[in-house]
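As structure tokens, the structure follows; a few thoughts come after it.
The values are calculated or read from the model by the stated rules, or taken from the named source; none is laboratory data. Predicted model, so just to flag it, every value in this text is computed and none were measured. All Cβ positions, even for glycine, are placed from backbone atoms using ideal geometry, and neighbour counts span all protein chains on display.
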Amino acid sequence: MNFIDAIGKLLAESGFATMTIPQLIMIAFSCFLLYLGIVKKYEPLLLIPIAFGMLLTNLPGTQMYHPEFWSNTAIANFKPDYMQILQKGGILDLFYIGIKTGIFPPLIFLGVGAMNDFGPLIANPKTFLLGAAAQFGIFFTFIGAQLIPAFTIFGISFAGFTALDAGAIGIIGGADGPTAIFTATKLAPHLLGAIAVAAYSYMALVPVIQPPIMKFLTTKKERQVVMKQLRPVSKKEKIIFPIAVTILVVLLIPAAAPLVGMLMLGNLARESGVIDRLSKTIQNELINIVTILLGIGVGATATAENFLAPTTVIIILLGLVAFAIGTAFGVVGGKLMYWLTKGKVNPLIGSAGVSAVPMAARVSQKVGQEANPSNYLLMHAMGPNVAGVIGSAVAAGILISILG
Amino acid sequence: MWLQSIVGISVVFFALIALSVFIYLFGKVMADDREKKKVKPEIIRASDVKSIEMDADIENDGELIAVITAAIQASLVKAGISPECKIVVKSFKRIGNDTPVWNTTGREELLN
């Protein structure tokens with residue numbers, strides 16, 4: 001082989017020669033997501049790993065991720081062959097094992113449990129209802145997605161969503177990233193990339209999407225309500241809470257066990273006070289490591305052929321609908337409480353019923369303070385907020401057990 | 001599909017209501033426990049203290065101006081800036097608060 005041939009062969013094998021247009025679009029899109037993460041600070045902790053995974057998986061010839069190992073629509077009931085993946089898979093395939101097997105999302109929940117104080121929820125258990133009301137978005141979108149008919153526009157055809165797809169899309173309305181990823185890998189793994197991007201984008205956009213809905217549904221008088229200070233919660237209550245919730249919820253919906261169980265274990269580690277070392281690891285090192293692997297792995301599934309489809313656009317729109325309905329029902333639930341308690345509950349805390357901890361609570365605080373500068377709703381809103389985490393994990397368990 | 005959704009949302013509500021009732025009852029039991037153990041200390045709650053009416057004409061409130069003037073004077077004297085400074089507060093207005101809300105809440109909780 002002479003020198004010219006060698007150069008020619010290298011060039012022919014390089015990414016520049018083998019790149020396809022869809023890959024180029026995906027690379028541009030991942031750079032856009034990186035921009036949103038770095039400059040606009042949209043959920044950077046997750047968006048940056050996701051966008052970078054997306055970038056790596058779409059660069060041609062890297063062999064880092066093999067979509068054909070994970071799904072094959074030609075074969076009914078296709079199951080990934082883990083031996084083959086371990087032997088021939090790239091590094092992103094290996095990261096993705098943790099998502100596909102459902103290890104990473106519960107580990108993230110372990111961290112979420114360890115980082116959150118359930119005290120406000122224990123002090124005011126009524127707010128559990130607001131966490132439930134905000135889950136309406138999930139089920140509305142579940143129906144809505146199935147009602148979209150198959151269509152063909154400009155030669156692009158859309159085959160409609162199955163019930164499984166619809167369940168995975170609806171869960172975006174829970175505004176909970178790990179839950180959405182967990183549910184999507186169980187019900188519709190081929191949509192994972194789009195669902196994860198939609199879920200995390202909307203979580204980042206909570207301060208933009210929620211306030212108009214909250215203001216539209218409430219009057220200024222309602223927004224000005226100052227709530228009574230929460231009662232102090234004893235240590236004993238805080239310790240018994242995670243144990244009791246685990247037993248009750250898992251007995252009722254066993255499919256919710258991985259998420260709820262880990263969430264509560266994390267919280268018990270925090271509140272028990274005797275395993276500080278574990279609690280610190282869960283809150284810091286463990287959740288950080290898992291976040292990196294989860295983000296890159298999720299990004300890897302967004303290959304051009306998977307992501308550049310009409311379904312992605314529809315999923316992103318449906319996600320917004322799910323999220324808006326969830327917020328609206330949360331606020332309506334809050335209004336109901338306002339009336340029932342004769343004005344003791346500020347309806348704004350209802351919007352925090354979508355999980356997105358703690359952004360949604362901060363939004364309630366901010367909108368409340370706009371109406372009444374001396375009002376502090378933050379801790380009151382943390383109640384529905386953490387109830388929303390439990391609520392969306394329960395909803396995910398239900399969808400998995402009904403559909404899966 | 002409709003049925004699945006109705007069943008789904010009902011179970012979500014059922015689960016969370018069940019939890020809510022449990023936590024409520026548990027809180028009651030714990031509260032009884034606490035009351036039995038301790039002699040009730042006299043608690044002055046923030047809600048018992050009459051809150052200051054925030055009327056629109058707050059900027060012309062002579063009493064408030066006097067209080068603010070005195071506070072500034074006292075702090076200037078204390079800081080040793082000027083032992084006999086003479087200041088007049090002509091007007092004041094609320095400025096935006098840029099302390100992170102978590103800090104403010106933490107402070108509130110310590111104060112109450």
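Some points to look at:
- Leading residue by the ranking (nearest to the other protein chains (Cβ to nearest Cβ)) among those in the range A:125-153 that are surrounded by fewer than 24 Cβ atoms within 10 Å (Cβ to Cβ) and under 21 Å from A:PRO242 (Cβ atoms): A:PRO125
- Looking at A:GLY391, A:GLY353, A:GLY297, A:GLY334, just one residue is closer than 28 Å to B:GLY96 by Cβ and either within 14 Å of chain B (Cβ to nearest Cβ) or among the small types (Gly, Ala, Ser) (or both), and that residue is A:GLY334.
- The residues in the range A:172-194 that are within 8 Å of the chain's Cα centre (by Cα) and not acidic (Asp, Glu) can be counted, and the count is 8.
- Only one of the listed residues (A:VAL274, A:VAL197, A:VAL208, A:VAL226) is at negative phi and within 14 Å of chain B (Cβ to nearest Cβ). That residue is A:VAL226.
- Scan of the range A:229-244 for residues that are closer than 21 Å to B:GLU108 by Cα and facing chain B (nearest Cβ under 10 Å), ordered by number: A:GLN229, A:LEU230, A:ARG231, A:PRO232, A:VAL233, A:SER234
- Among residues of the range A:368-385, those that are more than 10 Å from chain B (Cβ to nearest Cβ), surrounded by fewer than 24 Cβ atoms within 10 Å (Cβ to Cβ) and part of a helix (DSSP H, G or I), counted: 2
- Cβ pairs under 7 Å, 6+ apart, first in the range A:66-95 and over 17 Å from A:THR185 (Cβ atoms), second outside any loop (DSSP other than H, G, I, E, B): A:GLN84/A:PHE69
- If the condition is being assigned to a helix (DSSP H, G or I) and without any contact (Cβ under 8 Å) to a residue 40 or more places away in the chain, then the range A:226-251 contributes A:LYS235, A:LYS236, A:ILE239, A:ILE240, A:ILE243, A:ALA244, A:THR246, A:ILE247, A:LEU248, A:VAL250, A:LEU251.
- Applying the criterion of being outside any helix (DSSP H, G or I) and polar (S, T, N, Q) to the residues of the range A:286-333, the residue that is surrounded by the most Cβ atoms within 10 Å (Cβ to Cβ) is A:THR301.
- Verdict on B:ALA15 being at the interface with chain A (Cβ under 7 Å from one of its Cβ atoms) and modelled with pLDDT under 70: no
- Cross-chain or 6+ apart pairs with Cβ under 6 Å, the range A:110-124 first and within 9 Å of chain B (Cβ to nearest Cβ), then surrounded by fewer than 24 Cβ atoms within 10 Å (Cβ to Cβ) and charged (D, E, K, R): A:ILE122/A:GLU237; A:ALA123/A:ARG231
- Residues that are of a type in the set (Gly, Ala, Ser) and crowded, with 18+ Cβ neighbours inside 10 Å, drawn from the range A:33-69: A:GLY37, A:ALA51, A:GLY53
- Filter result (β-branched (Val, Ile, Thr) and surrounded by fewer than 24 Cβ atoms within 10 Å (Cβ to Cβ)) within the range A:186-198: none
- Check on A:PHE69, more than 18 Å from A:ALA196 (Cβ to Cβ), among the aromatic types (Phe, Trp, Tyr) and assigned to a loop (DSSP other than H, G, I, E, B): no
- Residue count for the range A:154-184 satisfying the condition of being within 12 Å of chain B (Cβ to nearest Cβ), touching a residue at least 40 places away in the same chain (Cβ under 8 Å) and surrounded by fewer than 24 Cβ atoms within 10 Å (Cβ to Cβ): 2.
- Single unsatisfied condition, A:GLN23 versus (1) within 25 Å of the chain's Cα centre (by Cα); (2) in contact (Cβ under 8 Å) with a residue 60 or more places away in the chain: (1)
- If you go through the range A:186-225 and pick out every residue that is at pLDDT 90 or above, assigned to a helix (DSSP H, G or I) and of a type in the set (Val, Ile, Thr), you end up with 3.
- Residue in the range A:341-350 that is basic (Lys, Arg), out of contact with any Leu (no Cβ under 7 Å at 6 or more places or on another chain) and assigned to a helix (DSSP H, G or I) present: no
- Qualifying residue in the range A:149-159 (condition: out of contact with any Phe, Trp or Tyr (no Cβ under 7 Å at 6 or more places or on another chain) and part of a helix (DSSP H, G or I)): no
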